[in-house]
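Asker: Here you go, one structure.
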Amino acid sequence: MRIGTGIDGFDEVVQGGLLAERVYLVSGPPGSGKTTFCVQYLAHGATHGEVGLYVSLVESPQNIIDDMSNYTMNVIPLVKMNKLLFADLGPRMDYGFIDDLNDHVTPGYEVENSPGSHEAPSPATVFKEIAAYVTEYGVKRLVIDSVSAIRFTTKDPSLQEKEMSRFIRNLKKLGCTTILISEMTDPTAYSTEQFASHGVIFLHNFLYDKTMTRAIQVIKMRGTKHDCNLRSVNFTENGMSVQELLE
């Protein structure tokens with residue numbers, strides 16, 4: 001079964017969409033469109049009855065919602081209908097307070113705080129929180145922002161690769177079609193998450209013929225016939241769209 005992303009021009013590149021209940025990695029430098037790609041994916045699913053969850057470990061969910069509301073994705077109405085959920089599992093902003101993993105944006109477009117367990121963030125505790133949201137709300141589409149934040153929560157740096165592999169293997173059991181966001185800037189800098197994910201999509205932002213250009217490249221997509229060529233990316237009021245091949 002293929003899952004449509006709602007990104008014009010992308011699904012045609014990957015035989016109609018993503019394979020259901022798999023884990024994908026979207027990587028790229030700042031300004032390449034990672035957040036837009038992922039929120040567009042969630043909003044498309046939410047519009048068609050699939051509850052989406054955006055888990056933020058770095059950015060404030062309110063900022064993401066405000067930014068994405070500039071597009072015609074109906075982000076705020078979907079949030080209010082509990083079809084599109086934003087959860088803040090990152091550290092609290094105020095210094096001097098114990099980290100709390102239980103902030104989320106309510107249908108009333110407000111941040112709600114629940115008593116935390118006062119347990120230091122770790123891949124295991126982050127996964128536990130995500131699994132609770134998936135079960136409670138029947139989440140089918142999941143985005144986690146970002147892989148780097150998950151890595152930084154590992155107490156022992158020598159165990160980072162093992163913990164990342166374990167984290168992704170457990171995500172595959174949730175029954176969601178999941179996208180992990182990575183700030184990786186070099187597609188040839190291979191990491192555990194690249195090998196463990198079913199697909200790797202790279203978004204580029206570079207100088208091309210004296211013009212800053214955004215492009216998309218499917219590096220890996222298991223079970224899917226695709227090429228690895230660069231395609232230009234355009235942004236309109238509707239969000240991201242994939243254009244012609246870059247020569």
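The values are calculated or read from the model by the stated rules, or taken from the named source; none is laboratory data. Only a predicted model underlies this, so the values are computations on that prediction, with no experimental measurement involved. Virtual Cβ from ideal backbone geometry, glycine too; neighbours counted across all protein chains shown.
Asker: Given the criteria surrounded by fewer than 17 Cβ atoms within 10 Å (Cβ to Cβ), part of a helix (DSSP H, G or I) and more than 12 Å from the chain's Cα centre (by Cα), does Pro77 qualify? Reasoning before the result, please.
Answerer: Values: surrounded by fewer than 17 Cβ atoms within 10 Å (Cβ to Cβ): yes; part of a helix (DSSP H, G or I): yes; more than 12 Å from the chain's Cα centre (by Cα): yes.
It is true that Pro77 is surrounded by fewer than 17 Cβ atoms within 10 Å (Cβ to Cβ), part of a helix (DSSP H, G or I) and more than 12 Å from the chain's Cα centre (by Cα).
Asker: Same structure, new question: Give the residue, chosen from Thr188, Thr224, that is part of a loop (DSSP other than H, G, I, E, B) and surrounded by 17 or more Cβ atoms within 10 Å (Cβ to Cβ). So that I can check it myself, show each step before the final result.
Answerer: Numbers: Thr188 fails: surrounded by 17 or more Cβ atoms within 10 Å (Cβ to Cβ).
Criteria check complete, one pass: Thr224.
Asker: Just a yes or no: is a residue in the range 86-106 assigned to a loop (DSSP other than H, G, I, E, B), closer than 22 Å to Lys140 by Cα and either modelled with pLDDT of 90 or more or of a type in the set (Phe, Trp, Tyr) (or both)?
Answerer: no
Asker: Filter the range 161-207 for residues that are among the aliphatic types (A, V, I, L, M) and free of Cβ contacts under 8 Å to residues at least 24 places away in the same chain and give the result.
Answerer: Keep residues of the range 161-207 that are among the aliphatic types (A, V, I, L, M), which gives 164, 168, 171, 174, 179-181, 184, 189, 196, 200-201, 203, 207.
Scanning the range 161-207 gives Ala189, Leu207.
Asker: Taking the condition surrounded by 14 or more Cβ atoms within 10 Å (Cβ to Cβ), out of contact with any Cys (no Cβ under 9 Å at 6 or more places or on another chain) and closer than 19 Å to Asp145 by Cα, does Ser241 pass?
Answerer: Values: surrounded by 14 or more Cβ atoms within 10 Å (Cβ to Cβ): yes; out of contact with any Cys (no Cβ under 9 Å at 6 or more places or on another chain): yes; closer than 19 Å to Asp145 by Cα: no.
Judged against the criteria, Ser241 is not a match.
Asker: Further question on the same structure: How many residues does the range 49-63 contain that are touching a residue at least 40 places away in the same chain (Cβ under 8 Å), more than 21 Å from Glu193 (Cα to Cα) and either assigned to a strand (DSSP E or B) or not charged (D, E, K, R) (or both)?
Answerer: The total comes to 4.
Asker: Next up: Identify, please: which residue in the range 34-61 is of a type in the set (S, T, N, Q) and either at pLDDT 95 or above or buried (at least 20 other Cβ atoms within 10 Å of the Cβ) (or both) and is, among those, farthest from the chain's Cα centre (by Cα)? It would help to see each step written out before you state the result.
Answerer: To start, the set of residues in the range 34-61 that are of a type in the set (S, T, N, Q) comprises 35-36, 40, 47, 56, 60.
Okay, now just the ones that are also either at pLDDT 95 or above or buried (at least 20 other Cβ atoms within 10 Å of the Cβ) (or both), so 35-36, 40, 47, 56.
Numbers: Thr35: 7, Thr36: 9, Gln40: 10, Thr47: 18, Ser56: 9 Å.
Result: Thr47.
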